[in-house]
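Enquirer: Below is one structure. I have some questions about it.
Bear in mind these aren't lab numbers, they're just calculated from the coordinates by the rules spelled out. Computed from a predicted structure; not experimentally measured. Heads up, the Cβs are rebuilt from the backbone with ideal geometry, glycines too, and the neighbour counts pull from every protein chain shown.
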Amino acid sequence: MDCVFCKIRDGQIPSTRIYEDERTLAFMDINPLSEGHCLVVTRAHAATLFEADEADLQAAMATAKRVALALRRALAPDGLNMLQANGAAAFQSVPHFHLHLIPRWNGDGKGFDWPLVPGDRARIQVSADKIRAGLAAHA
């Protein structure tokens, strides 16, 4: 496997680790959007949310909260973005489940917003119906 995050996990690529436990690993992003930008990854390889084990996802969220609280204490940001992408169309650059924790400050000029455009309520309803059907099929 040629996964950069698995290589970081295994110590084959250097990283600045900040936290680890039996299911997760947190380390600093080498291309940070802001000071303190870090990643939380599952130890088990799963390319996206769709393939990840539910227990690993729960552990990743618990680690994200633990690290986010430490970020808040250490750097006192005005806010925090948590970003998770799945697949190339969503701009996922490393195919291994991970969460970005991105500290934000008022006026940092980084962006991360999009214009609010009202949706078509009928289409929203159709999508909701399809999603509910998908949930029922896998209950």
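Enquirer: For semi-axes √(5λ) of the Cα gyration tensor in Å, several values are listed as [x] 58, 25, 12; [y] 39, 12, 12; [z] 28, 22, 14; flag the one computed from this structure.
Expert: Identified label for the calculated read-out: [z].
Enquirer: Would you mind counting up the charge near ILE124? Only other residues with Cβ under 15 Å from its Cβ, with Lys and Arg at +1 and Asp and Glu at -1.
Expert: Net charge in that neighbourhood comes out at +2.
Enquirer: Quick one: HIS37, HIS96, HIS138, fewest Cβ neighbours within 10 Å first, how do they rank?
Expert: HIS138, HIS37, HIS96
Enquirer: Which ordering of THR42, THR16, THR48 is given by a fewest-first count of other beta-carbon atoms within 10 Å? Before the final figure, lay out the partial values.
Expert: Numbers: THR42 23, THR16 10, THR48 16.
Listing THR42, THR16, THR48 from fewest to most nearby Cβ atoms yields THR16, THR48, THR42.
Enquirer: Return the calculated 222 nm mean residue ellipticity for the chain, to the nearest 500 deg cm²/dmol, obtained by summing -39500 (n - 2.57) across DSSP H runs with n ≥ 4 and dividing by the residue count.
Expert: That calculation yields -10500 deg cm²/dmol at 222 nm.
Enquirer: So between ASP120 and ASN31, what do we pick up on full extension, going 0.36 nm a residue minus the alpha carbon distance?
Expert: Here the answer is 28.3 nm.
Enquirer: If you filter the range 1-101 for chymotrypsin sites (Phe, Trp or Tyr not before Pro), then keep DSSP loop positions with at most 14 other Cβ within 10 Å, what is left?
Expert: PHE50, PHE91
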